[in-house]
Amino acid sequence: MRWFLSLSRPAKRALQGALDAALLALAFLAAMLLRQENLLFLRDQGVWLGLAVVIALACAGFLRFGLYDSVVRFAGMATIRAVTAGVALGALGLHLVSRDHGLEVPVSVPLIFVALAVPVVGGWRFALRGILAPPWRDRREPVLIYGAGEAGRQLRAWLRHSPDLTPTGFIDDNPLLHGAVIADLRVHPPTEIDHILRRDGITRILLAVPSARREDRARILARLEPFPIRVQTIPTLGDLVAGRAGIGEVRELRVEDLLGRDPVPPRSALMSTDIAGKVVLVTGAGGSIGGELCRQVLRQGPRQLLLFDLSEYALYTIHEELQQLRNTLSASPTPEVIPLTGSVQDAGRVAAILQRFEVDTIYHAAAYKHVPLVEMNMVEGLRNNVFGTLVLAQEAATAGVGSVVLISTDKAVRPTNVMGASKRLAELIFQAQAQLPSATRFSMVRFGNVLGSSGSVIEKFQRQITAGGPVTLTHPEITRYFMTIPEAAQLVIQAGAMARGGDVFVLDMGAPVRIADLARRMIRLSGLTPRTGTQPPPQGAEAGEIEITVTGLRPGEKLFEELLIDTAAQPTEHPRILMAVDAALPWNTLSALLRALQLACDQGDLARIRALLTKASIGYRPLSDMVDPCAVAITCATTDSPALAAVPIAAHATAAPIQAADGRLPTGRPSPAFPAPVATTTPPPKLQQAAH
């Protein structure tokens, strides 16, 4: 065997051809013997002519159909097809020569020859493949393949050469396939899963249904969830078609498979309205939503795509990715992608960018979004989310930007945390700016959690399950809305294209998901068993159990989120986009609130900040004490508390900050005054000292 393996490739092909010729001769002679039942035919020269024809045509067919191009140790269906075609070609030639030249070859001999030659010529190859099989074949883990379609068959072929996994059968919902044998494996109905798992000791199932809708995938997973097995999947059809993955790249399940909601295909007209051939700016371009907005925007063919972010690393990462994506686009001319560092709080930087590049469309995704972090950094959260939005809105109106879309959140609805309150104030700023005479369309898009974003609870659960637990929940009854990042970004772009000015769009997020149920499903579909922290481990419990512990709600966290302030919502031309009917604050009221809030931020007066937010008409009701390390300990205040009564908004709107001799606040930060709203008919006032 070592001698055979050491031969050169041409030598191996020649040896195969010689062996095939010998076996073809034996098959032909055996066919004649079976038909004649004696050896007298050996004296007939015509028989030997027929034999030469059979060998010549069959070997030529083997060569033509690629039999000698394949490697014996990887023999498979292609080998069987090539052998069958070559042998059939030889048998056909034998029949025609016998008929035309009157050879003493019975008509049935070609058929008997095919029946004998195919098994022997193909059989020695499969026998040798078994001998050459690597030693790990007998140690591979048995798995089931769910889906006996084309993808399942390709996966089965790929797993032939896997050192880790070996399939023992198919599972398929199609009753017409039940009992059939495909690629040497039997197809079983889903009702036999439990029996097969016990019989074969299977602990893993591979999903091979890349073209299935998410609703169908979720139904399959719900069927598999009760079994103690790990469920993995091959890439989706989109990834396969785009070349981002191969059929054999088995992956862990994605949470969107569990949610079972298919995205609505984007409408090309809405996707391109504010983007194609235009200059588009995305703030917070290095974030989860901002980055996906950039990818979607780039595919719509803008003239320039401006990436604006404060984080150098995030900006570098997304710029490198978009450069590669840009090189794959067929659009002409190719869009220019420009990275720009800076903060939306820097009015000079924002104004310079908008004027220099003559920006047409802005998607404002720059924000601090993590509730606990903003609770612990109240001033910076408000500066970025509220006053950064104010700067962007006013400078956009001044520069005559065509459309500005604010990325908002469901946490802005009746907020219980500073992050949610800051996003509601950002919405009010856009609504107020939209009431002014301006060429700029301001709109907002409000939605819930997105899957796969930085800091996502889903990512945390996956890490905890991989580490062996425990999986931590903040509350057993907490629920959240979820949507994939690509779908959210596409809907944001389409909503912005429908805006008329001041619109508050709300995305249809589907039904809210109970996080505890999601955690249990993720654990079970990883082949493990969930156990709550209140349950003692069962006696003799095996490794593989994952404990679920409840840690308590974090500061500012709600049990459930809402998408509408009022119960009414109007439909739009898109089935997944609704329009909220939310009241806006008059500019004078909002201006007074923002002046007072800016003053409190400049002075670092966190108690006054909370009082102002609670007093304001934004529905803010804190559920926990302040946790900002810069704050003194105060308890939750209500609108009826004496603390709030002593903090009238109007008084703070006119009060002057305490300043040092150099004109700076005690924080060392210059104190800009809150500027008036900007209409394009009048130039905006410059930022001045708050003491004016």
Distance in nm between pseudo-label sites at W48 and L553 (7 Å out along the Cβ direction from Cα): 9.9 nm
At R0 = 35 Å, FRET efficiency that the Cβ-Cβ distance of R267 and M77 yields, to 0.05: 0.25
Charge dipole (debye, nearest 20) of the stretch 136-253; +1 at Cβ of Lys and Arg, -1 at Cβ of Asp and Glu: 160 debye
For the stretch 272-303 and the stretch 197-218, distance of Cα centres in Å: 37 Å
Additional length obtainable on full extension of the chain from A180 to R35, 0.36 nm per residue less Cα span: 48.8 nm
In sequence order, calculated HN-Hα J values of the stretch 181-190 (Karplus, 6.51, -1.76, 1.60; Hz; x Gly/Pro): 10, 10, 6, 6, 10, 7, 9, 10, x, x
Relative contact order (%) - the stretch 2-132, alpha-carbon pairs under 8 angstrom, separation at least six: 33 percent
Part-to-part distance (alpha-carbon centres) for the stretch 557-615 and the stretch 1-70, which is given in Å: 85 Å
Built amide H within the under 5 Å cut-off of A180, gap 5+: V187
Separation between Cα centres of the stretch 363-404 and the stretch 480-508, rounded to whole Å: 18 Å
Residues with amide H under 5 Å from that of E545, placed H, sequence gap 5 or more: T529
Signed unit charges on C-beta, dipole axis of the stretch 272-580, positive-most listed residue V371, I515, F447: I515
Burial ranking of peptide ranges 616-629, 349-362 (average Cβ count within 10 Å, highest at the top): 349-362, 616-629
Set of lysines near K278 by C-alpha distance (under 30 Å), chain-local residues within fewer than 8 positions excluded: K369, K423, K686
Cut-off 10 Å between beta-carbons: net charge of the residues surrounding G400, Lys and Arg +1, Asp and Glu -1: -2
From phi via Karplus (6.51, -1.76, 1.60), per-residue ³J(HN,Hα) for the stretch 470-477 in Hz, x at Gly/Pro: x, 8, 9, 10, 7, 7, x, 9
Under the Karplus curve 6.51 cos²θ - 1.76 cosθ + 1.60, θ = phi - 60°, whole-Hz ³J(HN,Hα) for the stretch 48-62, x wherever Gly or Pro sits: 5, 5, x, 4, 4, 4, 4, 5, 4, 5, 5, 5, 5, x, 4
For peptides 418-424, 98-104, 296-302, 592-598, sequence by mean Cβ density within 10 Å, most packed first: 418-424, 592-598, 296-302, 98-104
Residues with amide H under 5 Å from that of R441, placed H, sequence gap 5 or more: S403, V404
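Every number here is computed from the coordinates shown, using simple stated rules; none is lab data. Every value quoted in this text rests on a predicted model; they were computed, and no experiment measured them. No Cβ is skipped: glycine too gets one built from the backbone with ideal geometry, and neighbour counts run over all protein chains shown.
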